[in-house]
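Chemist: Got a structure for you, questions after.
The values are calculated or read from the model by the stated rules, or taken from the named source; none is laboratory data. Values in this document were obtained by computation on a predicted structure and should not be read as measured data. Cβ: placed from backbone, ideal geometry, glycine included. Neighbour counts: every protein chain shown.
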Amino acid sequence: MTEAFLAQCRDIAGAAFVLDRLDDMAPYLTDWRGRFTGRALAVLRPQDTAQVALLVQACVRHRVPIVPQGGKTGLVLGSVPDDSGTAVVLSLGRLNRIRALDSINRTVTVDAGVILQTVQEAAAAHDLLFPLSLAAEGSCTIGGNLSTNAGGTAVLRYGNTRELCLGLEVVTPQGEIWDGLRALRKDNTGYDLRDLLIGAEGTLGIITGAVMKLFPQPRAAITALVALGSARDALGLLTLVQDTCGAALTGFELMSAVCLDLVATHFPQLQQPFGARHAHYVLLEVSSNESEQHAVALLERAIGQAVDEGVCDDAVVATSLAQSRGLWNLREHIPLAQAAAGKNIKHDISLPISRIPEFIATTDAALAAAFPDAEVICFGHLGDGNLHYNVAPKSGAGHDAFLANQLAINRIVNDNVDALHGSISAEHGIGALKREDLARYKEPVELNMMRAIKAALDPLGIMNPGKIL
Ligand SMILES: Cc1cc2nc3c(=O)[nH]c(=O)nc-3n(C[C@H](O)[C@H](O)[C@H](O)COP(=O)(O)OP(=O)(O)OC[C@H]3O[C@@H](n4cnc5c(N)ncnc54)[C@H](O)[C@@H]3O)c2cc1C
């Protein structure tokens, strides 16, 4: 059966694009962080939507499970197969064309395998902005971004990937092609299948193309670093800056003192702007469609008001793009400093913004009581209610022994998230890694609706089995 199946795949995609030798398949089988290596029957590398559809039909005939794969930068083991060796990996990497760019409709139509950075560059070539931006942008694909509903640094102003998408082309689990590549901002014609496919992590079909929104390119984005006495002060600052800057506010990142301590230890060459240590810091960014001076003026007015109202302890405002880059560098080096310090237990969570100080206070206290050696490295996109709440051993040593507490620590953090009506996965999805947590924290009625949708669209259960549900 396997040989007959593989022969059909070779007929469809060409022998060079059906990989079944272990050496050839290896790069497609291990997850981004190198934590898990699965096995597969083969890796299929179609060149266009028609080939994807024919390959899915072959999988249906032979009941072969399919794991769609984009840039493989996902962090929850969604795009790698399990260790049964029964599935194929369907890599979208060769579907890499920018199909069309309409600068009046402000849309770009792309193949699903186009790298995110390539879409940004295509937009910039027309003096337009594709705002989705994340640290993996040189490797992740639009199909992966859509399938995980990726967030990133510009969500506060432009929304998640879902908000940036107008239309999709999808190969269904039966191998049919759905052409939903509509470039419409208004379309109320029944159930929104596009929204169902976005964030489905490859469990409901294969995204092969998309229409994405473009925006005017801002002339300048200027940042300030603000020192605060508490996380609650950060909420006061957020309200104040939203009121004064409106839609010009494009970034609002919270960092605890521990985060900047870590950066100072591992990257001493990066300049730390304040002499004194403060409990929390906020990096905020304001963009202007007029000029650099306009962005600086907006930001200075907001910070001036914050100082007058006693909302912040200290602040530095960048007066040029180069200085702005320096401040962002501090924020972007936190994950790198954490990696340099050793392993840690990561949580990518979201909460109603107003409840974040309460979450931090209660969870910090619960962890300190249960694990006196634990240190919390808390930072994130406060403007989106999204925290990276990571836990490591204080001593900086004994990481492997500390990681043995992962389940108990996850339970404390996730129970607190749940108690405050938050989400245990803000950006990264569920994949295979958080499946059990999902079952624990989602209401049965919601899980049942999800299962019903999965059964209706993929009755054979061949699309990315073992992921999400
Ligand atoms: C350094 C780093 C920084 C990151 N920062 C962020 C961040 O700020 N915000 C954020 O949200 N995420 C972030 N991520 C996570 C990751 O980059 C995103 O989830 C990204 O959207 C995944 O895209 P990908 O092409 O690599 O998808 P993959 O990892 O290949 O796949 C992810 C999931 O989507 C499915 N899939 C992929 N392509 C398709 C398709 N065409 N059709 C159907 N299903 C498909 C896969 O089966 C899998 O379930 C980061 C990751 C890294 C390594």
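Chemist: As an exercise: evaluate Thr208 against (1) closer than 30 Å to Gln323 by Cβ; (2) of a type in the set (Ser, Thr, Tyr); (3) within 13 Å of the ligand (Cβ to nearest atom) and give the number of the one condition it does not meet.
Modeler: Answer for Thr208: the failing condition is (1).
Chemist: Residue check: is Arg21 loosely packed, with under 13 Cβ neighbours inside 10 Å and of a type in the set (Lys, Arg)?
Modeler: On the way: loosely packed, with under 13 Cβ neighbours inside 10 Å: yes; of a type in the set (Lys, Arg): yes.
Judged against the criteria, Arg21 is a match.
The rows are residues; the columns are (1) over 19 Å from Gly74 (Cβ atoms); (2) more than 8 Å from the ligand (Cβ to nearest atom); (3) in contact with a strand residue (DSSP E or B) (Cβ under 6 Å, 6 or more places away or on another chain).
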position: Asn145; (1), (2), (3): no, no, no
position: Arg157; (1), (2), (3): yes, yes, yes
position: Glu163; (1), (2), (3): yes, yes, no
position: Arg185; (1), (2), (3): yes, yes, no
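Chemist: Could I ask something else about it? Right, Leu447: within 24 Å of the chain's Cα centre (by Cα) and either of a type in the set (Val, Ile, Thr) or over 26 Å from Thr73 (Cα atoms) (or both) or not? Reasoning before the result, please.
Modeler: Values: within 24 Å of the chain's Cα centre (by Cα): yes; either of a type in the set (Val, Ile, Thr) or over 26 Å from Thr73 (Cα atoms) (or both): yes.
The answer is yes for Leu447.
Chemist: Hey, another quick one. Step by step: first the residues of the range 81-90, then only those that are over 12 Å from Thr30 (Cβ atoms) and assigned to a loop (DSSP other than H, G, I, E, B), then the one that is nearest to the ligand (Cβ to nearest atom). Which residue is that?
Modeler: Ala87
Chemist: List every residue pair whose Cβ atoms sit under 6 Å apart, with the two residues 6 or more apart in sequence or on different chains, where the first one lies in the range 152-180 and is touching a residue at least 60 places away in the same chain (Cβ under 8 Å) and assigned to a helix (DSSP H, G or I) and the second, anywhere, is of a type in the set (S, T, N, Q) and within 13 Å of the ligand (Cβ to nearest atom).
Modeler: Once the first residue is touching a residue at least 60 places away in the same chain (Cβ under 8 Å) and assigned to a helix (DSSP H, G or I) and sits in the range 152-180, no partner that is of a type in the set (S, T, N, Q) and within 13 Å of the ligand (Cβ to nearest atom) comes close enough.
Chemist: Here is a further query. Take Gly78 and decide whether it is farther than 22 Å from Val170 by Cα, within 13 Å of the ligand (Cβ to nearest atom) and not β-branched (Val, Ile, Thr).
Modeler: So Gly78 fails the test.
Chemist: Name the one entry in Gly138, Gly199 that is over 21 Å from Ile430 (Cβ atoms), within 11 Å of the ligand (Cβ to nearest atom) and in a loop (DSSP other than H, G, I, E, B). Explain how you work it out, then say what you get.
Modeler: On the way: Gly199 fails: over 21 Å from Ile430 (Cβ atoms).
So the residue among Gly138, Gly199 that is over 21 Å from Ile430 (Cβ atoms), within 11 Å of the ligand (Cβ to nearest atom) and in a loop (DSSP other than H, G, I, E, B) is Gly138.
Chemist: Scan Leu204, Leu181, Leu196, Leu168 and give me the residue that is surrounded by fewer than 17 Cβ atoms within 10 Å (Cβ to Cβ) and within 21 Å of Val52 (Cα to Cα).
Modeler: None of the other options fit; the residue is Leu196.
Chemist: Hey, any hits in the range 276-289 for a residue that's out of contact with any helix residue (DSSP H, G or I) (no Cβ under 7 Å at 6 or more places or on another chain), modelled with pLDDT of 95 or more and either assigned to a strand (DSSP E or B) or more than 30 Å from His428 (Cα to Cα) (or both)?
Modeler: no
Chemist: In the set Ala210, Ala183, Ala231, Ala200, which member is of a type in the set (A, V, I, L, M) and modelled with pLDDT under 95? Steps first, please.
Modeler: Details: Ala210 fails: modelled with pLDDT under 95; Ala183 fails: modelled with pLDDT under 95; Ala200 fails: modelled with pLDDT under 95.
Exactly one residue qualifies, and that residue is Ala231.
Chemist: For residues that are surrounded by 19 or more Cβ atoms within 10 Å (Cβ to Cβ) and polar (S, T, N, Q), scanning just the range 232-273, find the one that is farthest from Ala392 (Cα to Cα).
Modeler: That would be Thr250.
Chemist: Can you name the number of the only condition in (1) near the ligand (Cβ under 10 Å from one of its atoms); (2) out of contact with any Lys or Arg (no Cβ under 9 Å at 6 or more places or on another chain) that Gly93 fails?
Modeler: With (1) near the ligand (Cβ under 10 Å from one of its atoms); (2) out of contact with any Lys or Arg (no Cβ under 9 Å at 6 or more places or on another chain) applied to Gly93, the lone miss is (2).
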